Amino acid sequence: ITTMDQVGRDNGCGRALWEFGREELDRFGTPMALMLLPNYTDGCIASMEGLFFETSASVAPHFLLQSELSQDPSRPMRDLPYSDFNIDEGIAHMRLMGVAYYMAFSETALTGANSRPEDLVPVAESDGWTIFEVQDTAIVAPLLNEPAVVENISHAGRDWTDPAVAWFNDPEARQVVLVDDGPSEWARVQLIDDGEAPLRAELAPRRELDPVVVSDVVIDDDSVSFSVDRIGVPVVIRVGYFPNWRVSGADQIYRATPNFMVVVPTSNDVVLRYKDTPVEYAGYAMTVVGVL
């Protein structure tokens, strides 16, 4: 934790993914010990696993990522299409998830990571661990291709996560982000259920987008702000979607695979804020009545 605090100061803040290994992590008292990274780095180093990760729709992609970057992964969720160690897919998925640092200790993981110096740059060592900085990763990023709208997808539980996982594991499908809604000019696709393969969306057409530069990204506990040099071109915000998010500088937030957000800026400056909704206000009122 002390080393990662210094890494954040020297190389910049960002999300950290650590290799799982029960014997290695248990010597810290619990395999969840490194969830303390944000607490002891003043929020600079964010943990890919956290106190409430089991309630997030992003948890399935996280454990798929942990599995392909660990010699001895935990694989705690049932019915997921886990893969063994795969450094190529692991790097692609870390970029997709906005991971800035990969922390590894096993022979398998270190050999794999060191074989990709152009993608993973070692920046520190600590007590048998090596910390690699992931190149070309970002929380807010432009998209290469126009998103596609899945017309028959639901937000409820596995109705969303099952096709999102199928998309996450398919390098071809990942070229086009899938969203729950969008402008009329975006392509429309349907979920496929043939009874044999996992519920998935048909491959969407690739429509290249104009390049856009994202800058001045600021991420706080309940807000994300950034600037773009071109309006009207969609960008992805790799922060967990939830209906409480509101946006200024764009018309609407679209839920995007695996569980992120896409906006189409109408202004050069965009701000997303997490706010209370009538559901929360009703809960507050009921609490007051209950206390009285």
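The values are calculated or read from the model by the stated rules, or taken from the named source; none is laboratory data. As the structure is a computational prediction, the values presented were derived from the model and not from experiment. All Cβ positions, glycine included, derive from the backbone under ideal geometry; neighbour counts span all protein chains shown. Protein only, heavy atoms only, side chains kept; ligands, DNA and RNA dropped before computing areas. Shrake-Rupley method; radii C 1.70, N 1.55, O 1.52, S 1.80 Å.
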What is the distance, in nm, between label points placed 7 Å from the Cα along the Cα-to-Cβ direction at residue 208 and at residue 285?
5.4 nm
Solvent-accessible surface (1.4 angstrom probe) belonging to residue 274, in square angstrom, nearest 10
90 Å²
Say R0 is 22 Å: what FRET efficiency, to the nearest 0.05, do residue 27 and residue 92 get from their beta-carbon distance?
0.10
Among residues other than residue 270 whose Cβ falls under 13 Å from its Cβ, what is the net charge (Lys/Arg +1, Asp/Glu -1)?
-1
Most mobile listed residue (247, 140, 279) in the chain, GNM with C-alpha springs under 10 Å:
279
Can you report the principal axis dimensions of segment 92-172 using only the alpha carbons, biggest first, rounded to whole angstrom?
49, 26, 20
At a 1.4 Å probe radius, carbon and sulfur cover how many percent of the accessible area of the chain?
50 percent
For Cα extents along the principal axes in Å, the choices are (i) 56, 52, 43; (ii) 65, 47, 36; (iii) 61, 57, 29; which was calculated from the structure?
(i)
To the nearest 10 square angstrom, how much accessible area does residue 13 have with a 1.4 angstrom probe?
90 Å²
If you take the charge dipole of the chain about its Cα centre, with +1 on Lys and Arg Cβ and -1 on Asp and Glu Cβ, which of 166, 129, 256 is farthest toward its positive end?
256
Pull out a ≥ b ≥ c, the square roots of the eigenvalues of the alpha-carbon gyration tensor of segment 216-292, then state rounded if a/c is under 1.5, prolate if not and a/b is larger than b/c, and oblate in the remaining case.
prolate
Taking the chain and counting helices only, DSSP H stretches of n ≥ 4 at -39,500 (n - 2.57) each over all residues, the nearest-500 ellipticity at 222 nm comes to -7000 deg cm²/dmol
Long-range amide H partners of residue 201, meaning residues 5 or more apart or on another chain whose placed amide H is closer than 5 Å, are 192
Would you pull out the residues with amide H under 5 Å of residue 256's amide H, same chain only if 5 or more places away, H placed 1.01 Å from N?
261, 262
Cut-off under 5 Å, modelled amide H: who pairs with residue 187 long-range
149
Residues residue 242 and residue 215, FRET efficiency given R0 of 25 Å [Cβ-Cβ distance, rounded to 0.05]:
0.45
Which of 89, 172 is most accessible, then next, and so on - probe 1.4 Å
172, 89
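To the nearest 20 debye, what is the magnitude of the charge dipole of the chain about its Cα centre, counting +1 on the Cβ of each Lys and Arg and -1 on the Cβ of each Asp and Glu?
Magnitude of the dipole: close to 540 debye.
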Of 171, 38, 73, which has the largest mean-square fluctuation in a 10 Å C-alpha GNM of the chain?
171
Using only protein heavy atoms and a 1.4 Å probe, report how much of residue 42 is accessible, in Å² to the nearest 10.
150 Å²
Compute the relative contact order of segment 43-145 as a whole-number percentage, counting only Cα pairs closer than 8 Å that sit 6 or more residues apart in sequence.
22 percent
